[in-house]
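Reading through the structure tokens given below for one structure.
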Amino acid sequence: MIKTQYHKFPILTLFMTIFLLLVIISFIVVSKQKSNPDLNQGYFIYKSLPIEIIKDGDIITRLGNRFWSDPIRNVSLTDQRFSHVGVIRIRDEQITVIHAEGTTQGEGVVKEESIRDFLNEARSIGIYRLSYCAGTEMSDIAIEYIGIPFDWQFDMDDDTKLYCTELIYAILQRLKPVIKLDTIFFRRLDRYVIPLEAISNSEYFEEVYFYNIRL
């Protein structure tokens with residue numbers, strides 16, 4: 001019996017060594033992903049995007065990787081591919097996105113950032129184009145909202161604060177009021193909100209591109 005135990009000990013030690021090595025390797029990979037944005041999902045989403053198809057004023061959607069991304073996309077009933085949206089602006093060959101984004105501290109504003117930064121945490125991307133007016137008008141109006149606080153109350157009757165789809169709606173109402181976006185009653189907030197599918201399913205928008213890593 002002593003001999004049998006002697007043979008088991010090295011095997012157990014081997015398995016523990018392999019397990020620890022896997023843990024260490026996983027830790028190193030995750031650390032590199034955090035320190036090097038070129039290794040995360042958003043980088044591959046960005047690299048997959050054919051820049052030449054993008055036009056000024058296009059609507060860009062993404063599915064993020066924050067803890068609230070899945071609950072937000074699940075508000076949509078038929079198209080749950082996205083959790084966030086913004087307006088593309090192209091000036092002097094620079095492509096930026098204007099969007100209303102909240103923060104984990106319960107704050108946030110309408111801001112403008114590079115398209116690469118916008119896609120840094122994306123798991124999927126969609127590009128939509130409004131058929132009824134020039135895209136430059138969309139982006140020109142969008143910049144007027146930069147600095148407006150994020151609307152954590154999701155109150156469509158208060159235009160002093162805006163959430164992401166509410167920003168798109170506010171721009172459309174100034175540009176072409178006849179264009180409406182569907183709303184859904186959200187019980188947790190006890191109010192109607194504009195889901196992401198209000199854009200992707202809208203007859204007023206054409207989907208010109210979609211790509212995802214995983215849903």
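Here are some conditions: (1) β-branched (Val, Ile, Thr); (2) within 27 Å of residue 41 (Cβ to Cβ); (3) modelled with pLDDT under 95; (4) in a helix (DSSP H, G or I). Residue 136 meets all but one. Which one does it not meet?
(2)
Would you confirm whether any residue within segment 191-209 is assigned to a loop (DSSP other than H, G, I, E, B), surrounded by fewer than 19 Cβ atoms within 10 Å (Cβ to Cβ) and basic (Lys, Arg)?
no
What's the total number of residues in segment 133-176 that are in contact with a Phe, Trp or Tyr (Cβ under 7 Å, 6 or more places away or on another chain) and over 22 Å from residue 205 (Cα atoms)?
4
So which strands (runs of 3 or more DSSP E) stay within segment 54-121 end to end and still have 1 or more residues that are in the same structural domain as residue 134 (by TED's automatic domain parsing) and without any contact (Cβ under 8 Å) to a residue 60 or more places away in the chain? Show your work before the answer.
Numbers: elements: 59-63, 84-91, 94-102, 108-114.
Once the strands (runs of 3 or more DSSP E) in segment 54-121 are filtered for at least 1 residues that are in the same structural domain as residue 134 (by TED's automatic domain parsing) and without any contact (Cβ under 8 Å) to a residue 60 or more places away in the chain, what remains is 84-91, 94-102, 108-114.
Across segment 66-97, what is the total count of residues that are surrounded by 12 or more Cβ atoms within 10 Å (Cβ to Cβ), among the charged types (D, E, K, R) and at pLDDT below 95? Steps first, answer last, please.
Step one: filter segment 66-97 for residues surrounded by 12 or more Cβ atoms within 10 Å (Cβ to Cβ), giving 66, 68-70, 72-73, 75-76, 79-90, 95-97.
Narrowing further to those that are among the charged types (D, E, K, R): 66, 70, 73, 79, 81, 89.
Subsequent filtering for residues that are at pLDDT below 95 retains 66, 70, 73.
Number of matching residues: 3.
Among the candidates 198, 170, single out the residue that is of a type in the set (Gly, Ala, Ser), touching a helix residue (DSSP H, G or I) at 6+ places or on another chain (Cβ under 9 Å) and within 24 Å of residue 65 (Cβ to Cβ).
Values: 170 fails: within 24 Å of residue 65 (Cβ to Cβ).
Within the list 198, 170, the selection yields 198.
The values are calculated or read from the model by the stated rules, or taken from the named source; none is laboratory data. Keep in mind that what you see is a predicted model, and the values were worked out from it rather than measured. Note that we place each Cβ from the backbone using ideal geometry, even for glycine, and neighbour counts take in every protein chain shown.
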